[in-house]
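Participant: Handing you this structure, nothing more for now.
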Amino acid sequence: MPCVGLVAQDKRSDDLARRITPLISDYQGDVAVGIKNLSGEGEFWYRHDQPMATASLIKLPLLVATYQQIDSATVDPAQLIELTREDQVPGSGILSQHFSPGLKLPLIDAIRLMIRYSDNTATNLVIDQVGLPTTTQSMKSLGLVHTQLHAKVYRRDTSIAPKRSQRYGLGSTSAADMIKLLEGIHTHQVASKTSCEAMIGHLLSCDDQVKLAAGLPSGTKIAHKTGGVSSVRTDAGIIFGPGEHQAFAICVLTENNKDRGWSAESAPHRLIADIGRAAYQAFYGNNASADSPKSTRLQLGAHGDLVESLQRTLNARMTPSPGLSVDGDFGPMTEAAVMRFQESKQLPSTGVVDEETFAALGTLIDQDEAVPAPATFNSQWPEKEPADPLQGVPFVTAKAWAIVDADSGALIAGQHENDPRPMASTTKLMTAMVISELAEHDPGVWSQTVTFSKRADDTVGSSTRLHVGESLTVEQLMYGLLLPSGNDASVAFAEHFGAQHELLATAFPERTWTATAAYDRFIEAMNLLAERHELQHTTFVNPHGLTEPGHQASARDLAKLAVAASSRQKIMRVVATPQYGCTVTGPGGYQRHVAWYNTNRLLKINGYEGVKTGTTGAAGACLIAKGTREGQSRIVVVLGSASSDARYSDTRNLFRWGWNRYLAGQADTDRP
């Protein structure tokens, strides 16, 4: 088999080719390889554009598509899924073998089972939540044309691509596609930073040790997903080096293997392990070891006394305490607590305890406090807090909230309502307001054509799924901004209107407009409009709400903004629309239909009229909502609710409390 890898452009690439070419030149089977250094020079490619079967490796693209849906609030990671007998399929995993129908588990746990144990039943449960076509559509939007999910696992009857199913089975990909996808996860380009870091956490938990992992030095950190059926064996992931910020992406695909054994010593498993080892040595040397004390890290799967100390320290120094069991087992609960601690210290929320995290924790607590004598302990019951008051506002999970009268804007009640907080995609209400403000000076704004740039298309997170060169009217794209909460739409709008100097100068004469980039000018307009509406605790850094330092608003300010938006008929019509479809035009004149669904679940209930959802790891679950009952219109804002479900419960409880007070004839002057 001749080597068709790319010509090496640097010494490290030469070394990769020298080490790997002999491994694949005489291999009895079809092989494709992609390797790319994510922290410097060095790459190797062999049949990298050849589409090949994935087996369970297709669960990695499904993972990405699912987190994109989580970012857009299309699916809720806390949503409970009930396992039925019909769901249980054979093959890898634990749900079919060890659990009974009727089990309810959250989507996030099904995701973990899908990656850690390659659980086929869990995979089908995830597919049911996000939709079978979603993975292929998501990969296509990322430019990964060979990566397609064809059917549910062990359910060929569900195939949406029967001919491809016959050729490739469950799914297909190429080595080049996998490297691009892994690099996008590593650089936080395929989803939000929080979601990409969560995906890395899932991939780090993969328990397959007979392919890439088998060739690496003990203790090497590898975030990967494997696959294997009959003549197909695959593995792809990110392998982290012994030094800070060292990593490379690798994908090895094999099919038509002559040796179809399943032991660690089978030919395809040895090949994949040998290629992984060769790449590691090319990048980090023959003596590179992940066991060096300088690279001490704790992560999912670790155990021992140091993990016990970590658990004690997290319990003692986090508020509220995570209440971890001090058992020395670094499991999902410990990982989640580490991520929350890292977020509180403004560190990368990886769930991996590295040098920076150890430094932030301070001296670890090595042992529990001495247990007092029973007589002493049993006489030291903590004092109870006062009983819950029968009057006052409902108890909610939101970290800040506000209720205002939608007509007068008067504050009815609130809690931490003036505290600036990350606001996620509630930002897009101001994006829409700037456009509406411009339209007040030029009604022709609504019929202008917006064409998507590469920057817009490349924007991560919730998306309209429009691509470079595709165009539609401003009025149509407003639905893409506010229904699926398209981050890409917000960037397209910022670039489009930021370039219109004369219109900006007319609408915002208080500003002397300079020759800054169009995108930045639009952000300036957002902040100018915030000043006009006296949003005293609000600063905009971007048009979409993805987490950036300084991008924040208070619940009271967002309520003021919603009151102002209530007078803009076009905005209110859009936010009250449950779904919207339109036709977009692409380069060369092709046309295609797109469909968008409103992320606001309250629209399914009579009395609610919009306005905007938002979710990021830093902001939590957020919602601006407007509702009317008995002629009384209220706006409720919740920031930092515990989950997507919780934000709707919080909001509905606050609305009901506000309306009940009115119907009971109480004055709107009480404070919690």
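Participant: Can you tell me how region 43-123 classifies by the Cα gyration tensor, rounded, prolate or oblate, using a/c under 1.5 as the rounded cut?
Facilitator: Judged from the Cα gyration tensor, region 43-123 comes out oblate (a/c at least 1.5, b/c at or above a/b).
Participant: Within 10 Å, Cβ to Cβ, of LYS152, how many net charges do the neighbouring residues add up to if Lys/Arg are +1 and Asp/Glu are -1?
Facilitator: -1
Participant: Next question. Can you list the HN-Hα couplings for region 39-45, worked out from phi with the Karplus curve (6.51, -1.76, 1.60; θ = phi - 60°), rounded to whole Hz and with x for Gly and Pro?
Facilitator: 9, x, 7, x, 7, 8, 9
Participant: Let me ask something else about it. Provide the packing ranking of 85-91, 132-138, 490-496, 316-322, i.e. peptides ordered by the mean count of other C-beta atoms within 10 Å per residue, highest first.
Facilitator: Those peptides, ordered most packed to least, come out 490-496, 132-138, 85-91, 316-322.
Participant: Less than 14 Å Cβ to Cβ from MET114, Lys/Arg counted +1 and Asp/Glu -1: what total charge do the surrounding residues give?
Facilitator: Spelling it out: positives minus negatives among the neighbours equals -1.
Participant: Further question on the same structure: Could you sort out which of LYS345/LYS454; LYS59/LYS258; LYS59/LYS454; LYS345/LYS428 sit more than 32 Å apart by Cα distance in this structure?
Facilitator: LYS345/LYS454
Participant: Using Cα positions and a limit of under 20 Å, work out the lysines in reach of LYS11, with same-chain residues fewer than 8 apart set aside.
Facilitator: LYS36
Participant: For the chain, find the longest principal axis of its Cα atoms and tell me its angle to the long axis of helix 120-130, 0 to 90°, nearest 10.
Facilitator: Approximately 30 degrees, to the nearest ten.
Participant: May I ask you to derive the FRET efficiency for ASP305 and GLN137 from their Cβ-Cβ distance with R0 = 56 Å, giving the value to the nearest 0.05?
Facilitator: Using R0 = 56 Å, I get an efficiency of 0.70.
Participant: Report in % the part of the accessible area of the chain that belongs to carbon and sulfur, leaving out ligands and nucleic acids; probe 1.4 Å.
Facilitator: That share works out to 50 percent.
Participant: Taking the chain as the reference, fit the longest principal axis to its C-alpha atoms, fit the long axis of helix 193-204 to the helix C-alpha atoms, and give the angle between the two in degrees, 0 to 90, nearest 10.
Facilitator: 30
Participant: Choose one of GLY323, ALA236, PHE540: the residue whose Cα lies farthest towards the positive end of the charge dipole of the chain (beta-carbon charges +1 Lys, Arg; -1 Asp, Glu; about the Cα centre).
Facilitator: The residue sitting most towards the positive pole is ALA236.
Participant: Let me ask something else. Determine the dipole magnitude for region 530-649: charges of +1 sit on the beta-carbon of Lys and Arg, -1 on that of Asp and Glu, nothing else is charged, the reference point is the Cα centre, and the result goes in debye to the nearest 20.
Facilitator: That gives a dipole near 360 debye.
Participant: Eigenvalues of the Cα gyration tensor times 5, then square-rooted: what semi-axes does that give for the chain, in whole angstrom, largest first?
Facilitator: Semi-axes (√(5λ), whole Å): 44, 33, 24.
Participant: Something else about it: Compute, for region 40-87, the length of the dipole vector about the Cα centre, with Cβ point charges of +1 (Lys, Arg) and -1 (Asp, Glu) only. Units Debye, rounded to 20.
Facilitator: Taking the Cα centre of region 40-87 as origin, the dipole is about 160 debye.
Participant: Something else about it: Which residues in region 339-367 place their backbone N less than 18 Å from a point set 7 Å from the Cα of HIS245 along the Cα-to-Cβ direction?
Facilitator: From region 339-367, the list is 347-350, 354-357.
Participant: Name the residue from HIS441, ASN598, ASN378 whose Cα lies farthest towards the positive end of the charge dipole of the chain, charges +1 on Cβ of Lys and Arg and -1 on Cβ of Asp and Glu.
Facilitator: With unit charges placed on the Cβ atoms, the residue in question is ASN598.
Participant: Would you please classify the overall shape of region 185-339 from the alpha carbon gyration tensor, given that a ≥ b ≥ c denote the square roots of the eigenvalues, rounded means a/c under 1.5, and beyond that prolate means a/b larger than b/c while oblate covers the rest?
Facilitator: prolate
Participant: Let me ask another. Counting only helical runs of four or more DSSP H residues, what would the 222 nm mean residue ellipticity of the chain come to if each run contributes -39,500 (n - 2.57) and the total is spread over all its residues?
Facilitator: Value at 222 nm, helices only: -11000 deg cm²/dmol.
Participant: Then there's this: Estimate the FRET efficiency between VAL541 and GLN367 by the formula 1/(1 + (r/R0)^6), using the beta-carbon distance for r and 35 Å for R0, to the nearest 0.05.
Facilitator: After rounding, the FRET efficiency stands at 0.20.
Participant: Suppose a student asked you for the relative contact order of the chain, using Cα pairs under 8 Å spaced at least 6 residues apart; what percent would you report?
Facilitator: 12
Participant: So with the 1.4 Å probe, I'd like the accessible area per residue for the chain, rounded to whole Å².
Facilitator: 43
Participant: May I pose another question? Return the aspartates and glutamates within reach of LYS399: Cα separation strictly under 14 angstrom, same-chain partners fewer than 8 residues apart disregarded; answer none if there are no such residues.
Facilitator: GLU417, ASP419, ASP650
Participant: With everything on Cα atoms, drop me the angle between helix 644-663 and the longest principal axis of the chain, reported from 0 to 90° to the nearest 10.
Facilitator: 10
Participant: Expressed in nm to one decimal, what extension gain is obtained for the pair THR585 and PHE99 from 0.36 nm per residue of sequence separation less their Cα-Cα distance?
Facilitator: 170.0 nm
Participant: With r defined as the distance between the Cβ atoms of PHE395 and MET333 and R0 fixed at 25 Å, what FRET efficiency is calculated, to the nearest 0.05?
Facilitator: 0.55
Participant: Also, quick follow-up: In a shell of Cβ-Cβ distance under 10 Å around ILE275, excluding ILE275 itself, what net charge do Lys and Arg (+1) and Asp and Glu (-1) give?
Facilitator: +2
Participant: With charges only on Cβ, +1 for K and R and -1 for D and E, what is the dipole size of the chain about its Cα centre, in debye, rounded to 20?
Facilitator: 1540
Participant: Going down the table (LYS560/LYS604; LYS152/LYS193; LYS180/LYS626; LYS104/LYS193), which pairs top 32 Å between alpha carbons?
Facilitator: Too far apart for the 32 Å limit: LYS180/LYS626.
Participant: Could I ask something else about it? With unit charges on the beta carbon (Lys/Arg positive, Asp/Glu negative), name the residue among VAL460, PRO348, PRO394 whose Cα is farthest towards the positive pole of the charge dipole of the chain.
Facilitator: VAL460
The values are calculated or read from the model by the stated rules, or taken from the named source; none is laboratory data. Keep in mind that this is a model prediction, so the values were computed, not measured. Here the Cβ is made from the backbone with ideal geometry for all residues, glycine too, and neighbour counts use every protein chain on show. Only protein heavy atoms, including side chains, enter the accessible area calculation; ligands, DNA and RNA are left aside. Shrake-Rupley method; radii C 1.70, N 1.55, O 1.52, S 1.80 Å.
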